[in-house]
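Presented below is the structure to which this report refers.
The values are calculated or read from the model by the stated rules, or taken from the named source; none is laboratory data. Predicted, not measured: the structure shown is a model, and the values here were computed from it. Every residue, glycine as well, gets a Cβ built from its backbone with ideal geometry; the counts of neighbours run over all protein chains shown.
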Number of protein chains: 2
Amino acid sequence: MGALRSEQQTAYDGLVASGLALDLTRGKPAPEQLDLSNALLTLPGVDGLGAVAGPDVRNYGGLQGLRELREIFGPLLRVPVDQLVAAGNASLTLMHDLLVQCLLHGTVGSERPWSQEPRVRFLCPAPGYDRHFAVCEQLGIEMVPVPMREDGPDTAAVAALVAEDPSVKGMWLVPTYANPTGSVVTEEVARALAEMPTAAPDFRIIWDNAYAVHHLTDVETPTADVLGLCAAAGNADRAFVVASTSKITFAGAGVCFFGGSAANVAWWLRQLAFQSIGPDKVNQLRHVLFLRDADGVRALMAAHRALIAPKFAIVAEVLEARLGPLKAASWTDPAGGYFVSLDVLDGTAARVVSLAKGAGIAMTPAGSAFPYRDDPDDRNIRIAPTFPSEADVRAAMEGLSTCVLLAAAEHLLA
Amino acid sequence: MGALRSEQQTAYDGLVASGLALDLTRGKPAPEQLDLSNALLTLPGVDGLGAVAGPDVRNYGGLQGLRELREIFGPLLRVPVDQLVAAGNASLTLMHDLLVQCLLHGTVGSERPWSQEPRVRFLCPAPGYDRHFAVCEQLGIEMVPVPMREDGPDTAAVAALVAEDPSVKGMWLVPTYANPTGSVVTEEVARALAEMPTAAPDFRIIWDNAYAVHHLTDVETPTADVLGLCAAAGNADRAFVVASTSKITFAGAGVCFFGGSAANVAWWLRQLAFQSIGPDKVNQLRHVLFLRDADGVRALMAAHRALIAPKFAIVAEVLEARLGPLKAASWTDPAGGYFVSLDVLDGTAARVVSLAKGAGIAMTPAGSAFPYRDDPDDRNIRIAPTFPSEADVRAAMEGLSTCVLLAAAEHLLA
């Protein structure tokens with residue numbers, strides 16, 4: 001073991017000396033992916049103004065967003081067009097607003113505004129999306145972690161918590177190709193979540209379908225029909241569906257969506273009317289003209305896949321080659337989405353990230369994928385390989401593997 | 001008088017029979033005004049991507065908005081570029097969020113979140129902007145009307161209220177060409193507002209400069225330098241400056257701005273980071289390429305003026321011809337902005353709007369320009385003449401005048 005440690009230390013010293021400056025932190029599209037949507041940069045054109053029905057897209061109004069755009073995304077998101085809202089450029093803004101409205105006013109079925117409850121708690125499948133957790137923390141919503149499995153959250157743990165505790169008002173969930181594990185909520189798990197009795201009459205699942213069409217293989221894994229399942233279970237208002245085109249067209253200049261029961265949509269539009277006279281319909285029109293229909297979206301996503309699947313393959317290849325022999329390490333092999341979730345030797349994740357930083361490789365801070373940044377086992381590291389070039393992904397993963405091995409050697413010899 | 005009433009009734013019956021369908025309700029740009037910015041419909045183009053410094057505008061990031069756009073609007077809004085944020089498509093969204101953040105977290109200088117105060121009150125110069133008042137009502141902020149004069153709010157009334165009552169946390173103000181009166185806050189009034197002692201340590205003026213560059217005459221009335229005045233008075237954090245391009249470029253697809261002290265800007269960006277990874281920078285780039293500089297904005301506004309000043313002239317002409325003889329009616333002759341404020345015989349505004357509706361002329365509901373829609377004299381009517389054609393403005397104003405006269409005759413004979 002001493003030799004192993006010394007060997008890894010030598011490898012790490014070489015890594016530091018090589019002077020890398022690499023970044024695997026955020027799930028950002030690469031420039032080549034953004035190029036795929038450059039047609040948006042000259043759309044809609046004056047002629048394009050006539051392509052949609054209804055009032056002038058350049059003027060105020062149209063709070064629900066362009067119907068033509070909702071018709072493209074409704075089927076992909078499994079939300080009836082009338083129950084879908086097309087809004088601004090960020091689903092994060094939308095999710096934040098949904099919670100703010102619940103806090104200030106309550107939602108459909110609420111007995112009072114959530115802010116007037118003694119406390120408000122949210123279930124957080126973990127590992128999960130750090131920005132979800134940050135919104136809760138900022139809004140004073142207590143987070144309760146529940147285990148995230150390959151088929152979605154641990155439904156037994158969830159059911160037990162929601163059945164007993166009326167302060168549990170909701171849960172976060174990325175149903176398809178979850179951030180960071182790549183988990184896909186199965187029909188069975190979705191049905192269990194739709195059917196489970198909840199102590200809170202206004203319990204909400206924030207069904208953040210950020211990666212609904214972001215397949216990395218030939219298999220187009222469908223997302224469960226959460227609205228249909230909730231309605232069938234007599235809990236029609238349970239799910240808030242959220243999505244965006246941030247990783248379909250332009251990350252900073254796309255369109256986001258909200259879907260729900262007719263009552264939830266009417267509720268949110270009522271709140272929205274106080275803060276908006278309508279979304280950027282010109283940008284929505286751009287998306288209508290560029291994407292055309294659901295098949296247009298699928299073709300675009302296939303082009304994304306061609307660019308990023310090789311990067312995920314490099315991640316898998318390097319991890320297998322370098323960490324395969326290390327029994328303590330495991331990682332996901334996602335069929336879609338933007339991340340690989342790496343579990344290193346328990347108690348070493350923070351050290352790995354620190355070592356990586358010292359070697360010029362920026363990683364998301366250890367623990368980021370957990371509520372309050374608290375990974376109880378200190379083992380999870382999120383890898384976001386889409387933005388760097390293939391060469392940089394390879395160099396970063398080689399370097400990261402060196403850090404994992406050195407941290408493991410340090411830990412086992414400590 | 002009986003003859004007058006009978007004459008007006010006959011005129012009104014003729015109006016109803018003519019089957020109008022006209023709308024003077026909202027301050028919306030006309031299609032011809034929107035056409036002025038149609039270059040935006042094909043911008044930025046792929047070549048335009050290189051026109052600004054910094055990270056890829058298509059990707060995430062850049063929470064403060066494009067510096068190049070802030071450089072255009074900073075001087076026009078009298079806000080230092082570093083203290084200006086360029087955000088999404090709606091200043092209403094921004095103002096709503098500012099108040100939500102104050103309620104949930106408090107702002108710079110707050111002793112606690114506003115929602116934890118026993119009560120929160122806002123001063124509302126009236127007549128004023130109905131959507132400001134709706135935000136307060138929705139958020140449970142009590143509204144206290146103060147008189148709006150030609151030179152801005154009644155500073156004696158304002159100073160007395162803010163000096164004594166720590167629950168008065170802020171006030172609304174449209175400083176230039178106010179909605180609906182066209183009032184312009186003078187330097188003197190602005191200084192008084194900047195200097196006055198306030199019981200609340202975190203009193204805020206929401207300085208909604210929606211019509212900063214929207215001149216209807218040759219005179220480019222400057223807006224007072226509220227941030228400078230507040231800083232000079234030792235109340236640097238007192239003003240939240242807000243503006244947008246909604247009535248410069250596209251009403252539904254423009255860019256909005258927030259300006260304030262360095263501390264206020266840092267505060268808001270901290271809150272914003274939980275709900276956005278950045279604004280639509282592609283749309284901001286479009287605006288940079290289209291507007292180019294402050295003179296580009298001025299040239300565009302001159303073209304707007306050429307289209308809408310004739311409509312305001314028609315309003316003045318018809319009101320003078322039809323209501324000039326009626327001593328009880330008076331109206332504004334704004335030097336800018338989007339509205340004419342008409343005061344009819346006390347006690348008849350609601351009747352006038354009702355009569356107009358019966359004749360197919362849609363007006364904003366009487367009282368809309370007052371907190372809680374309560375016009376204590378029932379005399380104010382807001383006229384928004386920009387959207388309809390000149391012929392429609394004339395027909396609507398003739399019809400409205402008939403309604404004013406009939407309502408007056410009814411009232412005086414009742």
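When you go through A:ARG292, A:ARG286, A:ARG305 one by one, which is the residue that is modelled with pLDDT of 95 or more, surrounded by 15 or more Cβ atoms within 10 Å (Cβ to Cβ) and away from chain B (no Cβ under 14 Å)? Even if it seems obvious, please write down each step before you answer.
Numbers: A:ARG292 fails: surrounded by 15 or more Cβ atoms within 10 Å (Cβ to Cβ); A:ARG286 fails: away from chain B (no Cβ under 14 Å).
Of A:ARG292, A:ARG286, A:ARG305, the one residue that is modelled with pLDDT of 95 or more, surrounded by 15 or more Cβ atoms within 10 Å (Cβ to Cβ) and away from chain B (no Cβ under 14 Å) is A:ARG305.
Taking into account only those residues within the stretch B:49-86 that are of a type in the set (Asp, Glu) and closer than 19 Å to B:SER246 by Cα, which is surrounded by the fewest Cβ atoms within 10 Å (Cβ to Cβ)? Before you say what the answer is, go through the steps one by one.
Residues of the stretch B:49-86 that are of a type in the set (Asp, Glu), as a first pass: B:56, B:68, B:71, B:82.
This time we only want the ones that are closer than 19 Å to B:SER246 by Cα, so: B:68, B:71.
Numbers: B:GLU68: 20, B:GLU71: 14.
Result: B:GLU71.
B:VAL315 passes all but one of (1) farther than 30 Å from B:VAL393 by Cβ; (2) surrounded by 24 or more Cβ atoms within 10 Å (Cβ to Cβ); (3) more than 13 Å from chain A (Cβ to nearest Cβ); which number fails?
(1)
Can you tell me which residue is farthest from A:VAL135 (Cα to Cα) among those in the stretch B:101-119 that are of a type in the set (A, V, I, L, M, F, W, C) and surrounded by 22 or more Cβ atoms within 10 Å (Cβ to Cβ)?
Filtering the stretch B:101-119 down to residues of a type in the set (A, V, I, L, M, F, W, C) leaves B:102-104, B:108, B:114.
Subsequent filtering for residues that are surrounded by 22 or more Cβ atoms within 10 Å (Cβ to Cβ) retains B:102-103, B:114.
Working: B:CYS102: 16, B:LEU103: 16, B:TRP114: 19 Å.
Per the stated criteria, the residue is B:TRP114.
Within the stretch B:336-365, can you find the residues that are touching a Ser or Thr at 6+ places or on another chain (Cβ under 6 Å) and of a type in the set (Ser, Thr, Tyr)?
Result: B:TYR338, B:SER341, B:THR364.
Taking B:THR186, is it out of contact with any helix residue (DSSP H, G or I) (no Cβ under 7 Å at 6 or more places or on another chain) and either modelled with pLDDT of 95 or more or not aromatic (Phe, Trp, Tyr) (or both)? Before you say what the answer is, go through the steps one by one.
Details: out of contact with any helix residue (DSSP H, G or I) (no Cβ under 7 Å at 6 or more places or on another chain): yes; either modelled with pLDDT of 95 or more or not aromatic (Phe, Trp, Tyr) (or both): yes.
Yes.
Quickly run through the stretch A:253-267 and pick out the residues that are within 14 Å of chain B (Cβ to nearest Cβ) and either without any contact (Cβ under 8 Å) to a residue 60 or more places away in the chain or buried (at least 23 other Cβ atoms within 10 Å of the Cβ) (or both). Give the derivation first.
Of the stretch A:253-267, the ones within 14 Å of chain B (Cβ to nearest Cβ) are A:253-256, A:267.
Those that are within 14 Å of chain B (Cβ to nearest Cβ) and either without any contact (Cβ under 8 Å) to a residue 60 or more places away in the chain or buried (at least 23 other Cβ atoms within 10 Å of the Cβ) (or both): A:ALA253, A:GLY254, A:VAL255, A:CYS256.
In the stretch B:89-118, how many are of a type in the set (Asp, Glu) and closer than 20 Å to B:ALA251 by Cβ?
The first filter runs over the stretch B:89-118 and keeps only residues of a type in the set (Asp, Glu), leaving B:97, B:111, B:117.
This time we only want the ones that are closer than 20 Å to B:ALA251 by Cβ, so: B:97.
The qualifying residues number 1.
Looking at A:ILE314, is it in contact (Cβ under 8 Å) with a residue 60 or more places away in the chain and part of a helix (DSSP H, G or I)? Spell out the reasoning first.
Details: in contact (Cβ under 8 Å) with a residue 60 or more places away in the chain: yes; part of a helix (DSSP H, G or I): yes.
Here the answer is yes, as A:ILE314 does meet what is asked.
Could you run through the stretch A:26-77 and say how many residues are in contact with a Lys or Arg (Cβ under 7 Å, 6 or more places away or on another chain), farther than 12 Å from A:VAL288 by Cβ and aliphatic (A, V, I, L, M)?
Residues flagged as in contact with a Lys or Arg (Cβ under 7 Å, 6 or more places away or on another chain), farther than 12 Å from A:VAL288 by Cβ and aliphatic (A, V, I, L, M) within the stretch A:26-77 amount to 1.
Run down B:VAL219, B:VAL189, B:VAL168, B:VAL174 and say which single residue is in the same structural domain as B:ALA236 (by TED's automatic domain parsing), crowded, with 24+ Cβ neighbours inside 10 Å and either among the hydrophobic types (A, V, I, L, M, F, W, C) or over 30 Å from B:LEU307 (Cα atoms) (or both). So that I can check it myself, show each step before the final result.
Working: B:VAL219 fails: crowded, with 24+ Cβ neighbours inside 10 Å; B:VAL189 fails: crowded, with 24+ Cβ neighbours inside 10 Å; B:VAL168 fails: crowded, with 24+ Cβ neighbours inside 10 Å.
Checking each option against the conditions leaves just B:VAL174.
Quickly run through the stretch B:65-85 and pick out the residues that are more than 13 Å from every other protein chain (Cβ to nearest Cβ) and of a type in the set (Gly, Ala, Ser). Walk me through it before giving the result.
The initial filter retains those residues of the stretch B:65-85 that are more than 13 Å from every other protein chain (Cβ to nearest Cβ), namely B:67-85.
Answer for the stretch B:65-85, where residues must be more than 13 Å from every other protein chain (Cβ to nearest Cβ) and of a type in the set (Gly, Ala, Ser): just B:GLY74.
Can you find a residue that is hydrophobic (A, V, I, L, M, F, W, C) and buried (at least 20 other Cβ atoms within 10 Å of the Cβ) anywhere in the stretch B:1-12? Before you say what the answer is, go through the steps one by one.
Residues of the stretch B:1-12 hydrophobic (A, V, I, L, M, F, W, C): B:1, B:3-4, B:11.
Subsequent filtering for residues that are buried (at least 20 other Cβ atoms within 10 Å of the Cβ) retains none.
Scanning the stretch B:1-12 turns up no residue that is hydrophobic (A, V, I, L, M, F, W, C) and buried (at least 20 other Cβ atoms within 10 Å of the Cβ).
Given (1) more than 18 Å from A:VAL81 (Cβ to Cβ); (2) in the same structural domain as A:ILE206 (by TED's automatic domain parsing), where does A:PHE258 come up short, assuming only one miss?
For A:PHE258, the failing item is (1).
Determine whether the stretch B:343-353 contains at least one residue that is in contact (Cβ under 8 Å) with a residue 24 or more places away in the chain, in a strand (DSSP E or B) and surrounded by fewer than 20 Cβ atoms within 10 Å (Cβ to Cβ).
yes
Yes/no matrix, rows are residues, columns are (1) at negative phi; (2) in contact (Cβ under 8 Å) with a residue 40 or more places away in the chain; (3) in contact with a helix residue (DSSP H, G or I) (Cβ under 7 Å, 6 or more places away or on another chain):
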| site | (1), (2), (3) |
| --- | --- |
| A:VAL146 | yes, no, yes |
| A:ALA157 | yes, no, no |
| A:LYS169 | yes, yes, yes |
| A:TYR177 | no, yes, no |
| A:ALA190 | yes, no, yes |
| A:PRO201 | yes, yes, no |
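Which members of the stretch A:15-29 meet the condition of being charged (D, E, K, R) and in a strand (DSSP E or B)? Steps first, answer last, please.
Filtering the stretch A:15-29 for residues charged (D, E, K, R) gives A:23, A:26, A:28.
A:ASP23 - this is the single residue of the stretch A:15-29 that is charged (D, E, K, R) and in a strand (DSSP E or B).
Kindly list, by first and then second residue, each pair from a residue in the stretch A:104-130 that is within 14 Å of chain B (Cβ to nearest Cβ) and under 18 Å from A:ASP237 (Cα atoms) to a residue that is part of a loop (DSSP other than H, G, I, E, B) and not small (Gly, Ala, Ser), limited to pairs with Cβ atoms under 7 Å and residues at least 6 apart or on different chains.
A:HIS105/A:PRO113; A:GLY106/A:ARG112; A:GLY106/A:PRO113; A:GLY106/A:ASP202; A:TRP114/A:VAL120
Which of the residues that make up the stretch A:25-60 are among the small types (Gly, Ala, Ser) and more than 8 Å from chain B (Cβ to nearest Cβ)?
Residues of the stretch A:25-60 that are among the small types (Gly, Ala, Ser), as a first pass: A:27, A:30, A:37, A:39, A:45, A:48, A:50-51, A:53-54.
If the condition is that a residue be among the small types (Gly, Ala, Ser) and more than 8 Å from chain B (Cβ to nearest Cβ), then A:GLY27, A:ALA30, A:ALA39, A:GLY50, A:ALA51, A:ALA53, A:GLY54 are the ones that fit.
Restricting attention to the stretch B:374-392, does a residue exist that is part of a helix (DSSP H, G or I) and either in contact (Cβ under 8 Å) with a residue 40 or more places away in the chain or in contact with a helix residue (DSSP H, G or I) (Cβ under 6 Å, 6 or more places away or on another chain) (or both)?
So the first thing to find is which residues in the stretch B:374-392 are part of a helix (DSSP H, G or I), and the list is B:390-392.
Next, only the ones that are either in contact (Cβ under 8 Å) with a residue 40 or more places away in the chain or in contact with a helix residue (DSSP H, G or I) (Cβ under 6 Å, 6 or more places away or on another chain) (or both) stay: B:390, B:392.
Yes, that holds for at least one residue.
Checking B:ALA328 against (1) under 18 Å from B:ASN179 (Cα atoms); (2) surrounded by fewer than 18 Cβ atoms within 10 Å (Cβ to Cβ), which test does it fail?
Here B:ALA328 meets the rest and fails (1).
From the list A:ALA236, A:ALA263, A:ALA243, A:ALA200, which residue is touching a Cys at 6+ places or on another chain (Cβ under 9 Å) and more than 26 Å from A:GLY27 (Cα to Cα)? Break it down into steps so the answer makes sense when it comes.
Working: A:ALA263 fails: touching a Cys at 6+ places or on another chain (Cβ under 9 Å); A:ALA243 fails: more than 26 Å from A:GLY27 (Cα to Cα); A:ALA200 fails: touching a Cys at 6+ places or on another chain (Cβ under 9 Å).
Exactly one of A:ALA236, A:ALA263, A:ALA243, A:ALA200 is touching a Cys at 6+ places or on another chain (Cβ under 9 Å) and more than 26 Å from A:GLY27 (Cα to Cα), namely A:ALA236.
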